[in-house]
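Single-structure report; data block below.
The values are calculated or read from the model by the stated rules, or taken from the named source; none is laboratory data. This one's a predicted model, so the numbers in the text were calculated from it and none came from an experiment. Methodologically, a virtual Cβ is constructed for each residue, glycine included, from the backbone with ideal geometry; neighbour enumeration extends over all protein chains shown. All accessible areas refer to the heavy atoms of the entire protein, side chains included, with ligands and DNA or RNA removed. Shrake-Rupley method; radii C 1.70, N 1.55, O 1.52, S 1.80 Å.
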Amino acid sequence: MRWITEFLTSSIGKKLVMSLTGLFLISFLIVHLLGNLQLLISDNGKSFNIYAHFMSTNPLIKVISIGLYAGILLHAIQGILIALQNKKAKGSKYAVNTNANGSWISKNMALLGTFILFFLCVHMGDFWYKVKFTDTLEMITYPGVDYQVKDVFKRVAVAFENIWIVIIYLVGLVALGLHLIHGFQSAFTSLGLQHKKYTPIINIIGILFSVGISLAYAVIPLIMYFSKLSNY
Amino acid sequence: MQLTLKVWRQKNNKAEGKFEFHKIQAEEHMSFLEMLDVLNEKIVSEKKEPVAFEHDCREGICGSCSMVINGRPHGPQAGTTTCQLHMRAYKSGDTITIEPFRATSFPVIKDLVVDRSSFDNIIQAGGYISVNTGQAVDGNAIPVNRDDASDAFDSAACIGCGACVAACPNGSAMLFTSAKINHLEKLPQGKIEHNTRVKNMIKQMDKEGFGKCSNVGACGVECPKEIPMDNIAAMNRSYLTSVFTKE
Amino acid sequence: MKLDSKTPEGSLAEKWTKYRGSMNLVAPNNKRRLDVIVVGTGLAGASAASTLGELGYNVKAFTFHDSPRRAHSIAAQGGINAAKNYQNDGDSIYRLFYDTIKGGDYRSRESNVHRLAECSTEIIDQAVAQGVPFAREYGGLLANRSFGGVQVSRTFYARGQTGQQLLIGAYSGLSRQIALGKVKMHNRHEMLDVVIVDGKARGIITRNLLTGKLEKHAAHCVVLATGGYGNVFYLSTNAMGSNVSAAWRAVKKGALMANPCYTQIHPTCIPVSGEYQSKLTLMSESLRNDGRVWVPNKLDDAKAIQQGQKTAQELKEEDRDYYLERRYPAFGNLVPRDVASRAAKTATDEGKGVVKTGLGVYLDFAAAIERYGKSTAHTKGISNPSSAQIKELGEEVVSQKYGNLFQMYEKITGENPYKSPMKIYPAVHYTMGGLWVDYNLETNIPGLFALGEANFSDHGANRLGASALMQGLADGYFVIPYTIGQFLSNEIRTPQISNESPEFITAEKETRARLDHLIDTNGNQSVESFHRKLGKIMWEYCGMSRNAEGLQKGIKMIQDLREEFKKDVFVPGVVEEFNPELEKATRVADFLEMGEVMMRDALDRNESCGGHFREEYVSSDGEAERNDEEYTYVAAWEWLENGKPQVHKEELKFENVELKTRSYK
């Protein structure tokens, strides 16, 4: 069994952990987006709230969500540790800094990641924490639904009335998009999945995905903010 | 042309280093190292200690030069070692900052000279084919696919200069190690020990204190022999395969 | 002194086989108790150290580089010869032997050369097994190309970096032995003296280049694989660090320097561009397959070109002198290196050079580009191609063949060789001379061996292309591992050699005094400036052509320079620190003595042969003229205490080949 610890502590083992947790989090981003786009259905939050209820009560989802939290933590902690180790391995920095040999993004993944983590805390504190651990949300019943659900939609709508919160989200999403631009294709390289024919395709998909998913997420606070404005 | 040089001076590994400024008259046909020769002649004529820098073949193959010029190992030109870089790449009035390769596993010995023996240690951990002199079969006994031989050469072109480590913001030696592993893996003779080689060399690489690769790609850009980063992905694959499928 | 080559009896083809089979052996349990020092880790040193380690000896290897992989063998471009006859073109061991003897202008030892040809085939097998990525044919078998002056294709190659790939192979084998603990590697250690105990070489004094501290290393025998001395000319294709010191220290302890005047001047190097020039870069010999060498016919044109008022393209065909094609119609641009170099010198001496300094000739690819362009157009079915089309197609072909060389040329000169012809000039490249060794590669000091370029034995007065790699590896992989047993089999009762004997202590003291003297001189001139001056004297009086008057003058000038060096050199810093200037100073001090021996040898040899061209000994049509009657011998020089070198002679007997005049007309 020693091979497992040896592998996980090797540099490539650590990369593998980053790569697999990263890809797992990417898959979560897709699911999360599909759910959240229901915020934009004009049914006063009915579908979204029912969906939110399902997500917080379904036992299978609960199990998966534990995996998700673990994934986030592992990705973040491992990432920070690697960044610290790399800083030590680099020693001192050059007097002249250049991005002529590599993009700013790829050289600042840890910075972007930390920023995303910070954003995630804000985001989860705003919604996840309030939904799960406080009674500040109103309960609501919908015709045809025989159980009460929390009005998460309202909480979201209220939050996105605040221009500052919208800005924080937009900045957070820019960081996410940048992180993904490098992270997506990097995950494949770390797994050794590189091929002269397919890697260029993966790279294009990676960029399209990173930009696309960030934009799709950004649409939600923007639409909600501006539709509120037009309501007044 | 009139140049200002901002050169890193450091007495030894324990001493603090600092930049020293020199004005120098250079000619466009000089190589970068010849320009430093002129500087050193000037310093020696003032009875001071010249700038120590490593160099030997001065034709881009021995891998001795180890300086970072304006933030880039071996300077601005692609596929060019410092000794092959010529002053026509600069213009009069330029300030050129010259630093040693920086990485914890490449400690500075003096000025621009660094200790790269960690590379030798990685090779000693398995960068060879275990064959004694006299044991070999006829050179044509085992045909080698022409493209494989060519691919092997592409990786084997590594001159062991360490620019990859110097360029990497993480101080990682993945490009060097992977180039050696892939060179041997591509050849039938090298496949036999491939699995143990991959594991042992990576273990040694980690032991030497090199950083972890985050696929920035600066190594491939700065490599004077233009060895691509694909080598790293191939090594990752080899390592994962050998860890998960072999004893 | 009687020089015994110890050549075994028997017919030429059987000597080595028989000798190998009847040599004294050292049993494995005894090998473990015997220490061997190997100095130098180029092709010869690395292959010797790893093979001796594999056999079971305790090897201590030394290099002044930071890693064994940096030795200058790495810079060899073209390839390595082997008599494999894979091309079925009539090659054989005998033919390789014959070509080498003839190429060496009949000044090498038959038995050694034949052994070299025999070992050549095994080298390829060994290198392939080590993972050297030689060029392959589509069917997966080894590819060959032909090389200077021979009529078969026997050169194996790995693009233009054959030396690098072979060295990495030898280095990886060495690394394996280091990992196994059989070789103890000492990087950044420079040998500064050899220690003789009771007449046998028993160790060396080294300086740890990082700390500057002197160390005493003892062993049962010492192997020197420390390369050639071409840097005595300051400007050469050698690496900056290449030096004669290890070999010269051996000479100072009684070893003999054989044929020091035989220097190979390579005809196709990039010309000197200014006073600051530190080294010269070789453009591969293969370029002469397609390039045409020429200078202007008229002095006026040459002058205008030198002053930048005219370009090569402006000269009409009839105003150009393709002098190699004119003088040597049979071989044309592909005459051997020594002939091509001398012809370039003749042309520039007449004032027809084409660079600012006057020292350069054209190597023109325009004709090749047009020829290839036309034939490609024909294969592609383009009828009546325009000249622009022809040029484009031709340049493509040339780029495929020599692309990386053209790129290198442009990097160094800033000129595009597709547009205007290359400018080239001869430069010092290799030294055929070296420590005198017998058939066992042992010098006249028992227990002191010399391999590779450091010895003199195989190339006579001129080396053929792609033979240096062959010799280095043959010596290291396949000769010394056997012949060292002839010495060591008598040493099995000798206990471990102590490095505390009076001989070691004296040698260390003397070395220390030498170093202190260099620092204490505290003069006004840099080491570099002395080296440049020495180089100029050597090139002027002992370069491509020599004459008695010049050599006498040169000797005097070197002696004066040596005295000046002793009084006025400035070496900064202290001994016990990392001090590259001090390293240079020790090397230049030795070059200052070696240079004189080279001149004395050149003065003594009243004939022209191979790399040694004496202006007084020329045939009526201006070609080199050998004097077989009087000079068919090896001149082995002893350095006497009074500073007057003395020559000892080993007669060369040719029993298998007939001595002929080389003609390329």
Given H placed 1.01 Å from N in the peptide plane, which residues other than close sequence neighbours of C:L142 have an amide H under 5 Å from its amide H? C:E137
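Please report, as a whole percent, how much of the solvent-accessible surface of chain C comes from carbon and sulfur atoms (probe radius 1.4 Å).
So the carbon and sulfur contribution to the accessible surface is 49 percent.
Given Cα pairs under 8 Å that are at least 6 residues apart, what percent is the relative contact order of chain C?
RCO, chain C: 21 percent.
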For a quick check of understanding: with a 1.4 angstrom probe and all protein chains in place, what accessible area in square angstrom does A:D146 have, to the nearest ten? 140 Å²
Point-charge dipole on Cβ atoms (K/R +1, D/E -1) for the range C:502-651, about Cα centre, debye to 20: 540 debye
³J(HN,Hα), Karplus 6.51/-1.76/1.60, whole Hz, each residue of the range C:58-64, x for Gly, Pro: 8, 9, 10, 10, 10, 9, 7
Cα→Cβ-extended label distance, 7 Å offset, between C:Q407 and B:S150, nm: 1.4 nm
Sorted by mean Cβ packing within 10 Å, highest first, what order do the peptides C:314-320, A:93-99, C:443-449 take? C:443-449, A:93-99, C:314-320
Need the full-extension length gain, C:K556 to C:T17, defined as separation in residues times 0.36 nm minus the C-alpha distance. One decimal, nm. 189.2 nm
Accessible-area composition of the range B:185-224, carbon plus sulfur, in percent [1.4 Å probe]: 54 percent
Restricting to the protein assembly as shown, compute how many DSSP beta bridges are antiparallel as a %, nearest 5. 70 percent
Which value, in Å², gives the accessible area per residue of chain B when a 1.4 Å probe is used on the protein heavy atoms? 33 Å²
For the range B:2-110, calculate the relative contact order in percent as a whole number, restricting contacts to Cα pairs under 8 Å that are 6 or more residues apart. 36 percent
Can you compute the modelled spin-label distance between C:E651 and A:F226, with each label point 7 Å from Cα toward Cβ, in nm? 10.6 nm
So with the 1.4 Å probe, I'd like the accessible area per residue for the range A:51-138, rounded to whole Å². 60 Å²
Mean residue ellipticity at 222 nm from the helices of chain C, using -39,500 (n - 2.57) per DSSP H segment of n ≥ 4 over the full residue count, to the nearest 500 deg cm²/dmol? -12000 deg cm²/dmol
Protein accessible surface hidden between B and C, which excludes ligands and nucleic acids, total in Å², probe 1.4 Å: 6100 Å²
Protein accessible area in the range B:1-146, 1.4 Å probe - carbon and sulfur %: 49 percent
Which residues of the range A:178-214 end up with at least 10 Å² less accessible area in the presence of all protein chains than when their chain stands alone, using a 1.4 Å probe? A:H182, A:S186, A:T189, A:S190, A:L191, A:G192, A:Q194, A:K196
Divide by every residue of chain B the summed helix terms, -39500 (n - 2.57) for each DSSP H run of at least 4, and state the resulting mean residue ellipticity at 222 nm, rounded to the nearest 500 deg cm²/dmol. -10500 deg cm²/dmol
On a straight-distance basis, which lysines could pair with C:K6 in a cross-link, Cα separation under 20 angstrom, same-chain partners fewer than 8 positions away excluded? C:K15, C:K18, C:K200, C:K649, C:K653
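Which entries in C:K279/C:K401; A:K93/B:K42; A:K93/B:K14; C:K253/C:K509; C:K213/C:K584; B:K199/C:K184 show an alpha-carbon gap greater than 19 Å?
Check vs 19 Å cut-off fails for C:K279/C:K401; A:K93/B:K42; B:K199/C:K184.
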Using a loss threshold of 50 Å², tell me which positions in the range A:94-113 are less accessible in the complex than in their chain alone. Probe radius 1.4 Å, ligands and nucleic acids ignored. A:Y94, A:A95, A:V96, A:N101
As straight-line cross-link partners of C:K553, the qualifying aspartates and glutamates (C-alpha separation under 18 Å, not fewer than 8 residues apart within one chain) are C:E540, C:E563, C:E564, C:E593, C:E596, C:D601, C:D604, C:E615, C:E616
In a shell of Cβ-Cβ distance under 13 Å around C:G554, excluding C:G554 itself, what net charge do Lys and Arg (+1) and Asp and Glu (-1) give? +2
So B:N12 and B:Q77, fully extended at 0.36 nm per residue minus their Cα-Cα distance, gain in nm 20.4 nm
The range A:209-222 - phi-based ³J(HN,Hα) in whole Hz, Karplus 6.51/-1.76/1.60, Gly and Pro as x: 4, 4, 5, x, 5, 5, 5, 4, 5, 5, 4, 4, x, 5
If I take every Cα pair under 8 Å that is 6 or more residues apart in chain A, average their sequence separation and divide by the length, what percent do I get for the relative contact order? 28 percent
Can you pull the accessible area of A:F226 for me, 1.4 Å probe, Å² to the nearest 10? 120 Å²
Helical mean residue ellipticity (222 nm; -39500 (n - 2.57) per DSSP H run of 4+; nearest 500) of chain A: -24500 deg cm²/dmol
Calculated FRET efficiency for the pair C:E215/A:L34, C-beta based, R₀ 60 Å, to 0.05: 0.25
Which residues does a label at C:A27 reach in the range C:471-500, if reach means a backbone N under 16 Å from a point 7 Å past the Cα toward the Cβ? C:489-494
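Could you work out the local net charge near B:R197, counting Lys and Arg as +1, Asp and Glu as -1, over the other residues with Cβ closer than 12 Å to its Cβ?
Details: positive: B:K180, B:K191, B:K199, B:K203, B:K246, C:R176; negative: B:E185, B:E193.
Cβ neighbours under 12 Å give a net charge of +4.
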For the range C:502-651, with +1 on Lys and Arg beta carbons and -1 on Asp and Glu, the positive-most of C:S529, C:G610, C:A635 along the dipole: C:S529
Can you tell me which aspartates and glutamates have their Cα less than 16 Å from the Cα of A:K228? Leave out same-chain residues fewer than eight positions away. A:D43, A:E161
Residues hit by the 10 Å² burial cutoff in the range C:108-131, accessible area with a 1.4 Å probe, assembly against chain on its own, are C:D125, C:Q126, C:V128, C:A129, C:Q130, C:G131
Quickly rank C:628-638, C:41-51, C:356-366, B:132-142 as a protection proxy: mean count of other C-beta atoms within 10 Å, highest first. C:41-51, C:356-366, C:628-638, B:132-142
Roughly how large is the A-B contact in terms of buried accessible area, totalled over both chains, probe 1.4 Å, nearest 100 Å²? 3300 Å²
Order by protection proxy (mean Cβ within 10 Å, highest first), peptides C:134-140, B:53-59: B:53-59, C:134-140
Summing +1 per Lys or Arg and -1 per Asp or Glu among the other residues with Cβ less than 12 Å from C:L214's Cβ gives -1
Quick check on the range B:2-110: of the DSSP beta bridges with both residues there, what percent are antiparallel, nearest 5%? 80 percent
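For chain C, what is the percent of antiparallel DSSP beta bridges, rounded to the nearest 5?
Antiparallel bridges make up about 70 percent of those DSSP assigns within chain C.
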